[in-house]
Amino acid sequence: MGAGHHHRLYLPVDSVVHRLPPQCKLLAVFAFALVVVATPREHFWAFAAYAVLLAGVAVSARVPVTYVLRRMVIEVPFVLFAFLIPVVGLGERTEVLGLSLSVPGLWAAWNILAKATLGVVASILLAATTEPRAVLLGAQRLRVPSLLVQIAMFMLRYMDVIVAEMRRMRVARESRGFEARNLRHVPVIARSAGALFIRSYERGERVHLAMLSRGYTGQLPVIQELPATVAHWGTALALPAVALAIWGLTW
């Protein structure tokens, strides 16, 4: 896979977090997410402490706050869903700013917002400090099934290729005077989507044959080793370890 491939989520900065092996960061984020999910929703102070921990990681990784906030837009659907829960929820009701809201719904909304936000921020920090290809190599080091890793690698490598081909098809349609304005143009878009699928499938067949002709046997060669020392593991797992200590105080 091309090492020079451009990834917008990755922030190329030299920091202690960037230099950690990807398998260490993957396991740390996964363990941190488990601790956050297991935290009782009533303990507001614990979620505030988790947020402080993530802020410390962001400072160590030299990731600006604005960088994180811009990428948290992906959470908007969850926020909208959480705001609807108290409105349509059942059970005891309470008045908030003149609105009658469900008390169990308010707790559920808070639970979703707090845990989802912490998980999203942790994922953003992981993506900002680790190149996508390195994330997949780290997953391979953590014994994630090889087939899943290879599928994700090829998806990462060829996603931009397919998007660029789709863009060329759109330019070709517009250069011939086509402009999608209403439902009558859906058949044209559908035929374009079908053509794109066929081209992508044929490209996959050619790539597979090229790999077989070069000796592919089901395993991709490891070009870059990613050794992790005890110090690396200790640094990465400090985040979930402190979070686990905070979680222990909630019981």
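Observations, loosely collected:
- Surface exposure of the chain, expressed per residue as accessible area with a 1.4 Å probe, stands at 63 Å².
- Normalised convex hull volume, segment 81-195, alpha-carbon set, Å³ per residue: 238 Å³
- Residues in segment 23-35 carry Karplus couplings, in order, of 5, 5, 5, 4, 5, 5, 5, 4, 5, 4, 4, 4, 5 Hz; the curve used is 6.51 cos²θ - 1.76 cosθ + 1.60 with θ = phi - 60°, and Gly or Pro positions show x.
- Each part reduced to its alpha carbon centroid, segment 179-213 and segment 65-122 end up 39 Å apart.
- Shape annotation for the chain: C-alpha extents along the principal axes are 59, 57, 31 Å, from largest to smallest.
- Atom-type composition of the exposed protein surface of the chain places 70 percent of the accessible area on carbon and sulfur (1.4 angstrom probe).
- Using a probe of 1.4 Å, the accessible surface attributed to W233 totals some 70 Å² when neighbouring protein chains are kept in position.
- Here the Karplus relation 6.51 cos²θ - 1.76 cosθ + 1.60, evaluated at θ = phi - 60°, turns the backbone of segment 123-139 into coupling constants of 5, 5, 5, 4, 5, 6, 10, 9, 5, x, 5, 5, 4, 5, 5, x, 4 Hz, with x for every Gly and Pro.
- A simple spin-label model places the labels of L142 and A55 2.7 nm from each other, with each point 7 Å out along Cα-to-Cβ.
- Cα-centre dipole for segment 1-97 with unit charges at Cβ (Lys and Arg positive, Asp and Glu negative), debye to 20: 400 debye
- Residue with peak Gaussian network fluctuation, the chain [Cα springs, cutoff 10 Å], from F197, F154, F47: F197
- Listed residues H208, H185, H43, most fluctuating in the chain (Gaussian network, C-alpha, under 10 Å): H185
- Per-q log10 I(q)/I(0), segment 8-133, q = 0.22 Å⁻¹ (Debye; single scatterer per alpha-carbon; no solvent): -1.27
The values are calculated or read from the model by the stated rules, or taken from the named source; none is laboratory data. Please read all numbers here as calculations on a predicted model, not as lab measurements. Glycine also receives a Cβ, built like all others from the backbone with ideal geometry; neighbour counts cover every protein chain displayed. Calculation scope for accessible area: heavy atoms of the full protein, side chains included, ligands and nucleic acids excluded. Shrake-Rupley method; radii C 1.70, N 1.55, O 1.52, S 1.80 Å.
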